[in-house]
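Notes follow the structure.
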There are 2 protein chains.
Amino acid sequence: MPALEVNPDLQKERNTATFDPHEFSVYWAGGEDRYKEKKALEKLFLEDPALKDDLPTSYMSHKELYENSLRKACLIGEKIRKLRADGEDGVDTYNALLGGSLGAALLKEGNPLSLHYVMFVPTIMGQGTMDQQVEWLPKAWDCEIIGTYAQTELGHGTFLRGLETRADYDASTQEFVINTPSRSAYKWWPGGLGHTANHAVVVAQLYTKGEFRGLAPFIVQLRDLETHQPMKGIDIGDIGTKLGMKGVNNGYLGLKNVRVPLNNMLMKNQQVLPDGTYVAPKNSVLTYGTMMFVRCALIRDTAYSLSKASTIATRYSAVRRQSPIDPNQPEPQIMDHTTQQLKLFPQIAKAIVFKTTGDSIWSMYNVLSGEIELGNLNRLPEMHALSCCLKAICSADATAGVETCRLSCGGHGYMDCSNFPTIYGMTTAVCTYEGENTVMLLQTARYLVKVYGQALNGEQLVPTVAYINEAIKLQEFVNFDGSLESIVKAFQFVAANKVRVAYEQLEVRRKQGHGVEVSANLSGPFLTSAADLHGRAFLAQSAYTELTQVAKHVSPALADVLKVVLELYLVDACLNRIGDFLRFINLTDKDVTNLETRLESCLNRLRPNAVALVDSFDLHDRVLDSALGAYDGNVYERIFESTKKNPLNKEPVNAAFHKYLKPFMKANL
Amino acid sequence: MPALEVNPDLQKERNTATFDPHEFSVYWAGGEDRYKEKKALEKLFLEDPALKDDLPTSYMSHKELYENSLRKACLIGEKIRKLRADGEDGVDTYNALLGGSLGAALLKEGNPLSLHYVMFVPTIMGQGTMDQQVEWLPKAWDCEIIGTYAQTELGHGTFLRGLETRADYDASTQEFVINTPSRSAYKWWPGGLGHTANHAVVVAQLYTKGEFRGLAPFIVQLRDLETHQPMKGIDIGDIGTKLGMKGVNNGYLGLKNVRVPLNNMLMKNQQVLPDGTYVAPKNSVLTYGTMMFVRCALIRDTAYSLSKASTIATRYSAVRRQSPIDPNQPEPQIMDHTTQQLKLFPQIAKAIVFKTTGDSIWSMYNVLSGEIELGNLNRLPEMHALSCCLKAICSADATAGVETCRLSCGGHGYMDCSNFPTIYGMTTAVCTYEGENTVMLLQTARYLVKVYGQALNGEQLVPTVAYINEAIKLQEFVNFDGSLESIVKAFQFVAANKVRVAYEQLEVRRKQGHGVEVSANLSGPFLTSAADLHGRAFLAQSAYTELTQVAKHVSPALADVLKVVLELYLVDACLNRIGDFLRFINLTDKDVTNLETRLESCLNRLRPNAVALVDSFDLHDRVLDSALGAYDGNVYERIFESTKKNPLNKEPVNAAFHKYLKPFMKANL
C-alpha cells in the first residue's frame, strides 16, 4: 500500500500530547543503546522482502502455514549465522527476536525452530557435562542438528513424577532402552517435534539395575539427518491445529525400544556408570532456577501483549467515530466515551506496570542466581513463590485485557485483519504453559501459609512477605486516606488477611480430622485467592516504587503522565478487588464512590496523552500487523486492502455457485 | 472410529449418580414431544453421510471452508424442502436447526444461507406490504432467490442514524438511486453477502423531493440469477477470515448509482408515492419488538454455549487424572480438586439458569407481543431495558465461562480437536452483534435512572423494577440470614443502591453545569455497573422462582440436585459481586467466610452428579465435536484419531525439509 497521510483525528491527538513519546520509547527499549539496537534489527529483518508474506497466515491451510513458517525460520537462522560471522552475538540476537517484538512480526504464529534455540541448546548447556557440551553444542549451535525438548506427555503435564516414558539401562550394551508404555505416555506438545526436529532431549523415568532412579534427560535422535525419515522405533507427527501458535509444529512422539548410548544421558547433575551404578544429584533445587527464569521472562511477555493490544485499540478509538454524546453534535471519537476509556486505559497502565515489574523481578532473579552459585539458597522459596503468582496474575490479566481491547473495537476486532485473534491466541497460552495458573497460585499459597505460621511464632519474614509481620500487629487498618501510599499499604493489609483466612481454614479442616493435603485441597479456593492478593499487593508496591523512581529521572512532562498512569493503575486495581478491601478495611459507601470518581478523573486526565503513550511503545506496523492499529490510522483503507488479499475475492463468482447453489435454486423450477 | 467401551472413570460417575439424566433431558428439551422431535431431527440430519466432514474445518483454507459450507447448506436446504413437501413446517425445522444443537453439528463455523432464512425472509414478512409479500415471498421461500440483510456499514454500527448509504428517489423514472458515498459507507458484515446471496435488503437514508426522510429498507438485486456475476454498480466480496463463524461468508457491498424500482422499497410502515410524496410511519416503536425477539433468543444461545463447554470440560475432568491430593495416593480424577470444581460447576449452574431465564423471558415477550398488537405499549420500555442488560450479562458470562472451561482442560483445551476454540468464537461474537454489550447496559441504565426518579416521586414502578420502591423505604438491609430468599432480596437491595449511586452521580454532574448527555457520558461506568446489578438481581430472582417451580414437578431425586444447582448459582453470584454487597449491606468478614465455605459445600454436594447433569444436556457427540468431551470418554483415543486426519501427517517427511531445512543445516558443512 502506498504511504498515506496520517488520519487527521490521530494527528490531532499527537499534536496535543503534553510529552515527547520518543523520550518514553528510549526508556521503554532499555536505554539509548538498546533503542538503537532495536532499530537496527528492525531494519535488517523487517525490510527483507523474503521475510514478508504476500498472503496473510489466516488464509493459509495448516500445512501451508507450517511450510511457510519453516521457510522463514531458516531464513532468519541464516541471517543470525551471518551476524555471528560478523562478530555479533547470535544468541542475544535470537533472544531479541524471540522475546521482543520482532519475532511476532516475522513469524506471528510462532517459529518451529524456537525450541531448538530456547530449550534444546540451553538444556545441553545446563545439564550436560563438559564433554557432552563439547560433543553436542557445536553441532546444535551451527544447526547441523535440530533439536527440541520432549517432557510433557499426552496424559501428564504439571505433575512431573507422573510421566510414564521409561529408560532402562542395559549394561550389556551400555545403552538405554527408551519406551512409551501407553498411549497417555506419548510425548505431546513440544514445538518443532512434529516434522522439524531430528533430535530431542527426552525426559524419562530412569531405571538402572532394575531400580527406579527418578527422572533423567536423554538426547534421542528422531530422524535421519539425510532423509529426515523417522528412526526405527520412532512414531512421530504434528498434533494438529490450535487456538494459536499455529506455526510452531507442536508434535507427538512415541518410542518403542529405542536404544541410545550411555553417553546420551545428560549427566551434569546425576550419573549412570557403565556398570549401571547410579549417582544421585547433589542438589535437586537447582532446576527451580530455570523455571523461575522462564516465568520472569513470561511476565515481560504479558506486558508486551498488552502493549500491542492497547496500541491497536487506542489508535482505532481515536479514528472511529460513533454514537453522539450530545445528540446535537456529530459522532465523537469513541475514545471520548468514558466507558471506552475504562476499557482501554487500564490496559495501557498494566502494560507499563507489568513491564517495570518484570524488569525488577529480572534484576532480583539475577541477584538470586549469583547467591545460588555461592551456595546460598535462602531466598529461593520466596522468589519461587513470587514468580509463580506473578506469572499467573499477569497472564490472566493480559489475556482478559487483550479481549477487552478487542471487544472495544466492536465487530472489527473480530476480523483477523485486526490481529486481535492472533494476539489472543499467543497471550492466553501463557496461562497454561510453564505451569498452569491455578497450580502456580497453589504453589505460592503453600509458601504463604507456611510463612504465616512463622509470623505467628514471632519470626521476622523475608522482604516480599514482611508485610505479614506488620499486618499481624494491627487490629484494624485505619490509615486509608486514599493516598497512593495508603492504597499500597491497604493492598498488603488485605493480602495478609487473605493469607490469615486461608491459614485458619486449613486449621479448621485439620481439626475436623483431615490430613494436611486433603485440607489444602478442600481449601483450594481460599488458597488461590490469597496467592492472588499477595501477587497484586506486590504489583501495587512495585508499580509505586518503580514508576515513582522512573518519574525522577525523566522530563517533568513525562513524569506528570507517569504519575497519572500510576494513580490509574492503583485505583483501578483497588476497585477490582474492592470486595476484599471492604471485607478487611472499614470503608464507607462514600469512600468507594470517591474511588470511583477518582478513577473517572484519572481516565479524563490520561485521555489527551493516550495516543502518545501507545506511540511510545514504539511498535512497528509489521509487529502490530493490524488494519485497525497502524501508525497512520488509515483504518478503512487498510481493511479494504486486506480484502484484496482474500483468495475468495480473486474471482467474482466462486465455483461453488455452479456446483451447489444454482442446482439448489433451480430444483423447484 | 469403532465403538469403544465407556471409560471406566466416566462409567463410575454414571453408576453413582443419584438421579436419572433422562428425566432432566426431557425437561431440558421442552417436554416429551419436543424431545422426540429432537431425536428424529438428529437421526435425519446427523446420520446422513453427505453431511459429515472427513476433514475437520480447522484444516481447511478459508476458501475450502466456504465451499464446503455452501455445499452442506444447500444439502440442508434440500432436506428442509423435502420435509415441507411431506407436510412438515420448514421454518420450524430450520429454526430448530439453527437455534438448537443441530446447526452446530452440521455447520460448526456457521451457515452462509442463515441470513436468508432468519433475516431476509422475516424482513419481507415484517416490513413488506401484502402485495410485496406476494411478489417476493414465494421466490424467497423456495430459494429461487437467495437474500441477506445489509444494514451495518464499515464505519457505522450501533448508531443507525449514522448510516451513510443513501437512496434518492427519481420520480421521472419511478426508481430509487442507491449510492455508497464513501469508503466508510460500505455495507460490512452481512452473512452470505460475500459470494452467496443474489439479493439483499439494503437499509439506506431515504431522500424524496430533495428532502431527508429517515431510514428505509430496499430490496436490491446483487447478482445475476443465471451467471451469479455482480450486477452493474455493485462492488461485492467476502470481508475475510475471523475469530469464529468462519463459514458464514460475511460480505461487503458498495453501490454506485444502482437503480431499483419504486416498489422495491418495503412499504408496510412508511410509503413513497409515485410522485415522491413521503408518508411517514405511524409507530416507530414497533421495530423494538424484533430487536427484543432476537435478544431473547440470544439469551438461550448463551445457555447453549455454556452447556456445550461445561459438558466437554466435566467429562474430561472425570477422565483426566493429575496431581495427587494425597502424596501417598495415585493421581485423582482432576474433578476431585476443589479448584477444578470451582471452574466447572458454576458454568453448569449458569447454563441451567440462563436457559430457564431465557425461557421465561421468551414467555414474557410473547405476552408483550400480544399486548402490543392490541395497542398497549406500556411494558415495552421495561422489557426493552431487561432484554438489553440480560443479553449483555449472559453473553459476557458465557464467554468467560467457555474460556474457564477451556483453561480447566490445560493445554489440551487449546487444541482445535477439543472444539473449545470454535465454541469460543461463536460465543464471544454474541457480545458484539445485535447491540454491543456496553451500549446495551447504557440503554438499560437510562431506563433505570428514569424509573428511580419516578420512585423518588412516590410512583409505583412496573414489576421488574418494583424492588426499587421497596429499597427506597429501607435505611438498611438487616435481614441477610444467608437463606436463598435473602440472597435474592439482597441482590435487589444492592441493585437499587447501585441505581441510586448512578442517579446521584448524574445529579452531581448536572449541578456542576453539564448537560444531561454529557453527565451520562461522564457517569458511564456508574451507569453500566448499575445495569449489570439490575440484570443480576433479575437472574437471581428468576433462578429462584423457576428452579423452585421446576423442582416441584420432578422426581425427588432430581429436585434435590436442582436445589443444589440453585444454591450454588446464588452463592457464587453473590460472591462474584461481594464488593457491592459489602458496600451496601453490613456483612462481617465471618459472613463472607461463611458464604465461601458454603460455596465449597455446594461444590462437594454437586460433585457426585456433575457428569449426570451434563449428560442431561443430551448433546450429541457430533454437536460437541470434541475429542475431550465425547460420551464414551475415550479422550486419548480420540485425540490420536484426530492426528490421523491432519494433512501434515499424511507424509512422514514434509517437502519443506528438502526445500528449506536441509540446505540450512548443511550450509556450514
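Given (1) in contact with a helix residue (DSSP H, G or I) (Cβ under 7 Å, 6 or more places away or on another chain); (2) open to solvent by 20 Å² or more (accessible area, probe 1.4 Å); (3) aromatic (F, W, Y), identify the lone condition not met by B:Y304.
Here B:Y304 clears every test but (1).
Could you list all residues from the range A:527-546 that are at the interface with chain B (Cβ under 10 Å from one of its Cβ atoms) and either basic (K, R) or in contact with a Lys or Arg (Cβ under 8 Å, 6 or more places away or on another chain) (or both)?
A:L527, A:S529
Can A:N264 be described as at pLDDT 95 or above, more than 14 Å from chain B (Cβ to nearest Cβ) and at positive phi?
Values: at pLDDT 95 or above: yes; more than 14 Å from chain B (Cβ to nearest Cβ): yes; at positive phi: no.
No, not satisfied.
Residues are listed down the side, and each one gets a yes or a no for (1) under 19 Å from B:G155 (Cβ atoms); (2) open to solvent by 10 Å² or more (accessible area, probe 1.4 Å); (3) of a type outside the set (V, I, T); (4) touching a residue at least 24 places away in the same chain (Cβ under 8 Å):
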position	(1), (2), (3), (4)
B:P181	yes, yes, yes, no
B:W188	yes, no, yes, yes
B:K232	no, yes, yes, yes
B:M267	no, yes, yes, yes
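Consider the range B:136-165. How many of its residues are among the aliphatic types (A, V, I, L, M) and part of a loop (DSSP other than H, G, I, E, B)?
4
State yes or no: is B:D615 under 25 Å from the mean Cα position of the chain (by Cα), away from every other protein chain (no Cβ under 14 Å) and surrounded by fewer than 17 Cβ atoms within 10 Å (Cβ to Cβ)? Walk me through how you get there before you give the answer.
Values: under 25 Å from the mean Cα position of the chain (by Cα): yes; away from every other protein chain (no Cβ under 14 Å): yes; surrounded by fewer than 17 Cβ atoms within 10 Å (Cβ to Cβ): no.
The answer is no for B:D615.
Kindly check whether there is at least one residue in the range A:55-65 that is open to solvent by 60 Å² or more (accessible area, probe 1.4 Å), of a type in the set (D, E, K, R), assigned to a helix (DSSP H, G or I) and within 14 Å of chain B (Cβ to nearest Cβ).
Within the range A:55-65 (the criterion being open to solvent by 60 Å² or more (accessible area, probe 1.4 Å), of a type in the set (D, E, K, R), assigned to a helix (DSSP H, G or I) and within 14 Å of chain B (Cβ to nearest Cβ)), the answer is yes, since at least one residue qualifies.
Only residues that are within 21 Å of A:D621 (Cα to Cα) and open to solvent by less than 50 Å² (accessible area, probe 1.4 Å): list them for the range A:28-54, please.
Hits for the range A:28-54 are A:W28, A:A29, A:Y35, A:K38, A:L41, A:E42, A:F45, A:L46, A:D48, A:A50, A:L51.
Among the residues of the range A:324-367, what is the count of those that are open to solvent by 40 Å² or more (accessible area, probe 1.4 Å), among the β-branched types (V, I, T) and in contact (Cβ under 8 Å) with a residue 24 or more places away in the chain?
Going through the range A:324-367 one residue at a time, the tally reaches 0.
For the range A:400-416, name all the residues that are at the interface with another protein chain (Cβ under 7 Å from one of its Cβ atoms) and out of contact with any strand residue (DSSP E or B) (no Cβ under 9 Å at 6 or more places or on another chain).
Across the range A:400-416, the qualifying residues are A:L407, A:G410.
Residues are listed down the side, and each one gets a yes or a no for (1) of a type outside the set (D, E); (2) within 14 Å of another protein chain (Cβ to nearest Cβ); (3) under 17 Å from the mean Cα position of the chain (by Cα):
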| position | (1), (2), (3) |
| --- | --- |
| A:V294 | yes, no, yes |
| A:R315 | yes, no, no |
| A:P327 | yes, yes, no |
| A:P330 | yes, yes, no |
| A:I334 | yes, yes, no |
| A:L342 | yes, yes, no |
| A:F345 | yes, yes, no |
| A:I352 | yes, no, yes |
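How many of the residues in the range A:640-654 are free of Cβ contacts under 8 Å to residues at least 40 places away in the same chain, open to solvent by 10 Å² or more (accessible area, probe 1.4 Å), at the interface with chain B (Cβ under 7 Å from one of its Cβ atoms) and assigned to a helix (DSSP H, G or I)?
Counting residues in the range A:640-654 that are free of Cβ contacts under 8 Å to residues at least 40 places away in the same chain, open to solvent by 10 Å² or more (accessible area, probe 1.4 Å), at the interface with chain B (Cβ under 7 Å from one of its Cβ atoms) and assigned to a helix (DSSP H, G or I) gives 2.
Among the residues in the range A:25-34, are any among the charged types (D, E, K, R) and over 22 Å from A:K355 (Cβ atoms)?
no
Output the number of residues of the range A:10-32 satisfying the condition of being within 33 Å of the chain's Cα centre (by Cα) and under 30 Å from A:T643 (Cα atoms).
Of the residues in the range A:10-32, 4 are within 33 Å of the chain's Cα centre (by Cα) and under 30 Å from A:T643 (Cα atoms).
Looking at (1) in a loop (DSSP other than H, G, I, E, B); (2) open to solvent by 40 Å² or more (accessible area, probe 1.4 Å), find the lone condition where A:D168 falls short.
Here A:D168 clears every test but (1).
Counting only residues that are within 12 Å of another protein chain (Cβ to nearest Cβ), outside any helix (DSSP H, G or I) and surrounded by 16 or more Cβ atoms within 10 Å (Cβ to Cβ), how many does the range A:466-522 have?
Result for the range A:466-522: 1.
Go through the range B:116-148 and give me each residue that's open to solvent by 40 Å² or more (accessible area, probe 1.4 Å) and within 26 Å of the chain's Cα centre (by Cα).
B:Y117, B:V118, B:M119, B:P122, B:M125, B:Q127, B:W141
To keep it simple, each residue is scored yes or no on (1) out of contact with any helix residue (DSSP H, G or I) (no Cβ under 9 Å at 6 or more places or on another chain); (2) among the hydrophobic types (A, V, I, L, M, F, W, C); (3) at pLDDT below 95.
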site	(1), (2), (3)
A:A3	yes, yes, yes
A:Q11	yes, no, no
A:G31	yes, no, yes
A:E42	no, no, yes
A:L46	no, yes, yes
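So which of A:Q460, A:Q443 is in a helix (DSSP H, G or I), out of contact with any strand residue (DSSP E or B) (no Cβ under 7 Å at 6 or more places or on another chain) and surrounded by fewer than 22 Cβ atoms within 10 Å (Cβ to Cβ)?
Numbers: A:Q460 fails: in a helix (DSSP H, G or I).
So the residue among A:Q460, A:Q443 that is in a helix (DSSP H, G or I), out of contact with any strand residue (DSSP E or B) (no Cβ under 7 Å at 6 or more places or on another chain) and surrounded by fewer than 22 Cβ atoms within 10 Å (Cβ to Cβ) is A:Q443.
State which residue is nearest to A:T464 (Cα to Cα) when the search covers only the range A:523-540 and only residues that are in a helix (DSSP H, G or I) and over 23 Å from the mean Cα position of the chain (by Cα).
A:L527
So, in the range A:576-612, of the ones that are open to solvent by less than 10 Å² (accessible area, probe 1.4 Å) and β-branched (V, I, T), which residue ends up farthest from A:Q492 (Cα to Cα)?
Selected residue: A:V611.
Within the range A:580-597, does at least one residue satisfy the condition of being over 28 Å from A:L474 (Cβ atoms), outside any loop (DSSP other than H, G, I, E, B), among the aliphatic types (A, V, I, L, M) and within 12 Å of another protein chain (Cβ to nearest Cβ)?
Scanning the range A:580-597 turns up no residue that is over 28 Å from A:L474 (Cβ atoms), outside any loop (DSSP other than H, G, I, E, B), among the aliphatic types (A, V, I, L, M) and within 12 Å of another protein chain (Cβ to nearest Cβ).
Scanning for something within 30 Å of A:Y424 (Cα to Cα), open to solvent by 70 Å² or more (accessible area, probe 1.4 Å) and at pLDDT below 90, does the range A:105-112 turn up at least one residue?
Here is the first cut: in the range A:105-112, the residues within 30 Å of A:Y424 (Cα to Cα) are A:105-112.
Next, from what is left, pick out any that are open to solvent by 70 Å² or more (accessible area, probe 1.4 Å): none.
No, the conditions are met nowhere in the range A:105-112.
Out of all the residues in the range B:368-399, which are polar (S, T, N, Q), buried (at least 24 other Cβ atoms within 10 Å of the Cβ) and over 11 Å from the mean Cα position of the chain (by Cα)?
Once the filter is applied, which keeps residues that are polar (S, T, N, Q), buried (at least 24 other Cβ atoms within 10 Å of the Cβ) and over 11 Å from the mean Cα position of the chain (by Cα), the range B:368-399 yields only B:S387.
Of the residues that make up the range B:272-279, is at least one small (G, A, S) and either without any contact (Cβ under 8 Å) to a residue 60 or more places away in the chain or within 14 Å of chain A (Cβ to nearest Cβ) (or both)?
Residues of the range B:272-279 small (G, A, S): B:276.
So of that shortlist, the ones also either without any contact (Cβ under 8 Å) to a residue 60 or more places away in the chain or within 14 Å of chain A (Cβ to nearest Cβ) (or both) come out as none.
Scanning the range B:272-279 turns up no residue that is small (G, A, S) and either without any contact (Cβ under 8 Å) to a residue 60 or more places away in the chain or within 14 Å of chain A (Cβ to nearest Cβ) (or both).
When you look at B:C602, is it part of a helix (DSSP H, G or I), farther than 29 Å from B:G411 by Cα and within 13 Å of chain A (Cβ to nearest Cβ), yes or no?
Values: part of a helix (DSSP H, G or I): yes; farther than 29 Å from B:G411 by Cα: no; within 13 Å of chain A (Cβ to nearest Cβ): yes.
So B:C602 does not fit the description; no.
The values are calculated or read from the model by the stated rules, or taken from the named source; none is laboratory data. All figures in this text were calculated on a predicted structure; none of them were measured in a lab. Glycine also receives a Cβ, built like all others from the backbone with ideal geometry; neighbour counts cover every protein chain displayed. Just the protein is used for accessible areas: all its heavy atoms, side chains included, with ligands, DNA and RNA removed. Shrake-Rupley method; radii C 1.70, N 1.55, O 1.52, S 1.80 Å.
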